[in-house]
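Read through the structure below, which is laid out as structure tokens, and then see the notes.
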Amino acid sequence: MKILRYPNKKLRYISKPVIKIDKKIHKIIDKMFKIMILENGIGLSAIQVGIPLQIITILDTENINKKITIINPKIIKKKKKILNSEGCLSFPNQQAIVPRYKYLDIKALNYYGKNIKIKAKSLLSICIQHEIDHLLGKLFIDYLSELKKNIIKKKMKKMYKKENENKN
């Protein structure tokens, strides 16, 4: 399992809801946390590792030792638009200003399949929104002007080409 990098087409796939939370799903979640931490990330969606399921792993931004698993998330409420600089593990070393909501309420399932509600604010809210976008096949560059989007796309394609040349 490894993080897919843009321009991998799978990053645009729309993720399907998880039907049954079992050992297989737990194994995916555990691996996602391991990879996310190794890559110094705070959030990761399953599609970023090539699995089109509605699974998100997050390190709580206020308590970095607390792991949050979000399965089949639904946004209930969002308020107070803000602009935030964000990056993405699928776009190494790239940052952009993206509009998000400062406050977010979601309902979802946790690691054990229990119904949960999360009231998120600030960085946690932004992280959850970013990862939910991934589940919908949406990338943070989709919020940018064509010029900014093309600059990042060009950098990523160049890096992707270089990585592939180094493999051969």
Selection count, segment 109-168, where residues are of a type outside the set (Lys, Arg), farther than 20 Å from Ile76 by Cβ and surrounded by fewer than 15 Cβ atoms within 10 Å (Cβ to Cβ): 12
Residues (aromatic (Phe, Trp, Tyr) and touching a residue at least 60 places away in the same chain (Cβ under 8 Å)) located in segment 1-55: Tyr6, Tyr13
Verdict on Lys138 being over 21 Å from His26 (Cβ atoms), under 15 Å from the mean Cα position of the chain (by Cα) and free of Cβ contacts under 8 Å to residues at least 24 places away in the same chain: yes
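Out of Thr57, Thr69, Thr61, report the one residue that is of a type in the set (S, T, N, Q), buried (at least 18 other Cβ atoms within 10 Å of the Cβ) and more than 18 Å from His134 (Cα to Cα).
Details: Thr57 fails: more than 18 Å from His134 (Cα to Cα); Thr69 fails: more than 18 Å from His134 (Cα to Cα).
Checking each option against the conditions leaves just Thr61.
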Among residues of segment 92-126, those that are within 14 Å of Asp60 (Cα to Cα) and touching a residue at least 60 places away in the same chain (Cβ under 8 Å), counted: 3
Test for Lys79: is it outside any loop (DSSP other than H, G, I, E, B) and either surrounded by fewer than 14 Cβ atoms within 10 Å (Cβ to Cβ) or in contact with a helix residue (DSSP H, G or I) (Cβ under 6 Å, 6 or more places away or on another chain) (or both): yes
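Aromatic (Phe, Trp, Tyr) and buried (at least 20 other Cβ atoms within 10 Å of the Cβ) - does that describe any residue in segment 28-51?
Within segment 28-51, the subset aromatic (Phe, Trp, Tyr) is 33.
Still in the running and buried (at least 20 other Cβ atoms within 10 Å of the Cβ): none.
The answer is no, given that none of the residues of segment 28-51 is aromatic (Phe, Trp, Tyr) and buried (at least 20 other Cβ atoms within 10 Å of the Cβ).
From the residues in segment 98-137 that are among the hydroxyl-bearing types (Ser, Thr, Tyr) and in a helix (DSSP H, G or I), which one is modelled with the highest pLDDT? Full working, then the answer.
Pass one, segment 98-137, residues among the hydroxyl-bearing types (Ser, Thr, Tyr): 101, 103, 111-112, 122, 125.
Narrowing further to those that are in a helix (DSSP H, G or I): 122, 125.
Working: Ser122: 91, Ser125: 95.
Among those residues, the one meeting the criterion is Ser125.
Residue under question is Tyr103, and the condition is that it be more than 14 Å from the chain's Cα centre (by Cα), among the hydroxyl-bearing types (Ser, Thr, Tyr) and surrounded by 16 or more Cβ atoms within 10 Å (Cβ to Cβ); does it hold?
Values: more than 14 Å from the chain's Cα centre (by Cα): yes; among the hydroxyl-bearing types (Ser, Thr, Tyr): yes; surrounded by 16 or more Cβ atoms within 10 Å (Cβ to Cβ): no.
No: the conditions fail for Tyr103.
The values are calculated or read from the model by the stated rules, or taken from the named source; none is laboratory data. Fair warning: this is a prediction, and the values are worked out from it, not measured in the lab. Positions of Cβ are generated from backbone atoms using ideal geometry, with glycine treated the same way; all protein chains shown enter the neighbour counts.
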